[in-house]
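Structure record follows, encoded as structure tokens.
Here, each number is a calculation from the coordinates, and none is a lab measurement. The structure presented is a predicted model; accordingly, all values stated were derived computationally and were not measured. Cβ: placed from backbone, ideal geometry, glycine included. Neighbour counts: every protein chain shown.
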Amino acid sequence: MLKMKKKTMDLLGSKAFKMTSGAALVALASASMVSCGGGGGSGSSLPPGVGLGESAAQVTPSSGCAVGTEAACDSYRLTPTDVTLILQQGIAAAGSTQGTFAVVDRVGNVLAVYSTDGKYADMTTMSGPFDISASDIKIRSGIFSPPPVSGTAGLENLDAAQALDRSYFAIAKALTGAYLSSSGNAFSTRTASFIVQEHIPPGGAGNNQPSGPLFGVQFSQLPCGDLVRDFVDSATYGPKRSPLGLSADPGGFPLYKNGVVVGGIGFISSGGTYGLDREPNVSRDNDPEEIIAISAARGFTPTDSITSTKIFLGGPTAPYSDTTGSVVTPSSTTPALQSVPGYFDGLSIKNGTAYGVDASGYRPMKVDGSDLGASDNLRTIGSRLASRKAFILTTTNATTNRYPVIGSSNASGAADDVSDEDVAKILESAYDVAFRGRAQIRAPQGSAIQVTISVVDTTGKVLGLIRTPDAPIFGTDVSLQKARTAMFMSKNVTALNNSTINSYISKNTSNIFAPVSKFDGSYAFSGRALGNYARPLFPDGKDGTAPGGPFAPSANWSPFNTGLQLDLVATRVLASATTTTPRASKTCTTDNVDLPSPIQNGLQIFPGGFPIYKGSVLVGGIGISGDGVDQDDMIAFLGLQNSGASVGHAPADKRVDRYNPGNASPSQNAVYVSCPFQAFNDGSANPVCN
């Protein structure tokens, strides 16, 4: 969640985004929102992809690194010596600027928190330009016109000092840099700012471009979710929660050693703001927080070839930083650490835990296939996945799989509505597509797609979850959000009698949405289709139009106020951010007894999720998150289509993109799936989802 600094308006020598003619064609094709229907693709036993084996070798510690903090792990983790140097460089760069640093490892463990002034200070969330005087901060949103008369809109205009001190914001920024990055891409919080707004590239009204590809991702890794872990759960096992989800406030960066992402750093200043950059292509922020953070990271930066400025996001490239920082002589100050309830005890600088060992919460699958399950069929599939470098999440008290494959019988009451073998087939089929696929947000070009794959039943229970070796950490939680969202919104949600949901569904009675807005289980919703109805503009990105439908806020939209997505979780997010005891009920939804289980970690509103049906009966959902949203869509869609399982996609007449009210133009239809061009590294023909 998200920053807009007062602009100095010194113009860039060139635009902050570039587009080749080929990339422009891809962007235009993506923007046209043409649906890909039907099947296609290949079965299992596919040719090897490019990059998964190499990535596994790069990110998996060598023998001798078992616990994750011993000397043999040093090339794969941040040591206390590393963290001390980073803080001392930051202190020197900050000079008289007061503020707070946070350093985390790759899986979100907080290693150090230090405030230059030794105390907490007020923070305010915002997403628009502001004026600052000696006595106060006046917020004038660059999105609201006019701004709200009083109070907040979502989290916009929230006086965070009433709930959180600034150390929580520094942690969110550091964690974002670590979670969005991998050995093939380096994204900062400024990059996040670029990809979560109502247009890409951002720049205000008038560009008529679609919303950012990760629109809504800021509300993931939430402190109330059931997948993310607490400091009180474990000192090392991730992925750890963020106090406020992902951040787009410049001043958060990933940290690297030997080409491997090992953590992140965030800095936020005293009395500052927490927002985003609304006009990245016309001016530099000269953001002091960003200058200080990137200066602190010197010596732990990624290679230039994998920063966001070198990676096309379906057309434009995203900014990484407006500054290269400054070369400083590290301060001799011994950082006086501070405790952060629920995240860091303040007693000492912690060892980072090497990603890929049991204690990190992530490791490669065992070659005997036993991680998937005990039966011969599951072990056979598990062994094939292990040979392709698949990773799992681990439990905190053993070396076992946190989410072993299980079946489900919750939809129609028949035994094994989704069998464990069905789940295993879907996981393997989706992994096969990723194994062959060409990543979007990864360098070098032609790298295999790196993702997390989640399958759930109709209660939101995880039936299976696997990952490629170098998938960004953020996608773990997001893939589960996508699977649950597609499943949940394809249910009869009106029967829940939930006040928040009903208020959104009932607010829009236009012909375009009238039958759909029943949301009574008549229509199957993909993540992409739901996103069409959750954008601030409809059709997506078209300026001057009304909000996107039942799930977008009818007024006062901002990246801090995304409509139903936020309103279902906002109360619990703030209440959970500072939790210091084990959470008895790990859920982000609170206002109806039917809601906590199906969407415990919140909704997600960008592509990569599909409901799963057995005939015409909804039985679950699949979600993918990682190296590009069209790639996510393709892997989920073809993975389910090609699985050979007894379950599959929604019947054609249930898909929401098949609904047309008769008086609506095709551009007003929801889109169910959209797949990339030149999708595979093995030369398979296009279009892949046709």
- Task: Taking every pair of Cα atoms in the stretch 367-411, average 1/r, invert it to obtain the Kirkwood radius, and report Rg/Rh to two decimals.
- Result: 1.01
- Item | At q = 0.12, 0.13, 0.15, 0.18 Å⁻¹, base-10 log of I(q)/I(0) for the stretch 373-468 (Debye sum, equal scatterers on each alpha carbon) | -0.42, -0.49, -0.64, -0.86
- Message: If every alpha-carbon in the stretch 225-384 counts as one equal scatterer, what log10 I(q)/I(0) does Debye give at q = 0.14, 0.15, 0.20 1/Å?
- Response: -0.97, -1.07, -1.48
- Query: Quick one: Cα centre-to-centre distance for the stretch 191-234 and the stretch 527-582, in angstrom?
  - Reply: 11 Å
- Item | Normalised convex hull volume, the stretch 155-286, alpha-carbon set, Å³ per residue | 136 Å³
- Item | Long pairs among Lys257/Lys366; Lys350/Lys461; Lys425/Lys518; Lys482/Lys614; Lys389/Lys425, criterion Cα-Cα beyond 23 Å | Lys257/Lys366; Lys350/Lys461; Lys425/Lys518
- Item | Calculated SAXS-style log₁₀ I(q)/I(0) at q = 0.20, 0.25, 0.28 Å⁻¹ - the stretch 322-365, Debye, Cα scatterers | -0.88, -0.90, -0.96
- Using 0.36 nm per residue, how much length does the chain from Ser616 to Val327 gain when fully extended, once their Cα-Cα distance is taken away? 97.8 nm
- Message: From the mean inverse distance of alpha carbon pairs (Kirkwood) and the Cα radius of gyration, derive Rg over Rh for the stretch 205-244.
- Response: 1.26
- Tell me the label-point distance for the pair Ser96, Glu70, using the 7 Å Cα-to-Cβ offset, in nm and rounded to one decimal. 5.1 nm
- Message: Given R₀ = 45 Å, what would the calculated FRET efficiency be for Asp376 paired with Thr303, taking r from the Cβ atoms and rounding to 0.05?
- Response: 0.50
- Message: Through the Karplus equation 6.51 cos²θ - 1.76 cosθ + 1.60, θ set to phi - 60°, convert the phi angles of the stretch 599-607 into ³J(HN,Hα) values in whole Hz; use x for Gly and Pro.
- Response: 10, 4, 9, x, 7, 10, 10, 10, x
- Message: I'd like the FRET efficiency for Thr334 and Thr395, computed as 1/(1 + (r/R0)^6) with the beta carbon distance as r and R0 of 35 Å, rounded to 0.05.
- Response: 0.40
- Largest-first principal axis extents, alpha carbons of the stretch 427-478, Å: 39, 22, 15
- Message: Please give me the summed charge of the neighbours of Thr399: other residues whose Cβ is under 14 Å from its Cβ, Lys and Arg +1, Asp and Glu -1.
- Response: 0
- Apply the Kirkwood formula to the stretch 168-245: the hydrodynamic radius equals the inverse of the mean of 1/r over all pairs of different alpha-carbon atoms; give it in Å with one decimal. 13.8 Å
- Query: What is the percent of Cα-Cα separations in the stretch 255-332 that go past 14 Å?
  - Reply: 69 percent
- Note on the structure: Length gained if Gln678 through Ala495 is fully extended, taking 0.36 nm per residue and subtracting the Cα-Cα distance, is 61.6 nm
- In terms of the ratio Rg/(2.2 N^0.38 Å) built on C-alpha atoms, what value belongs to the stretch 550-590? 1.38
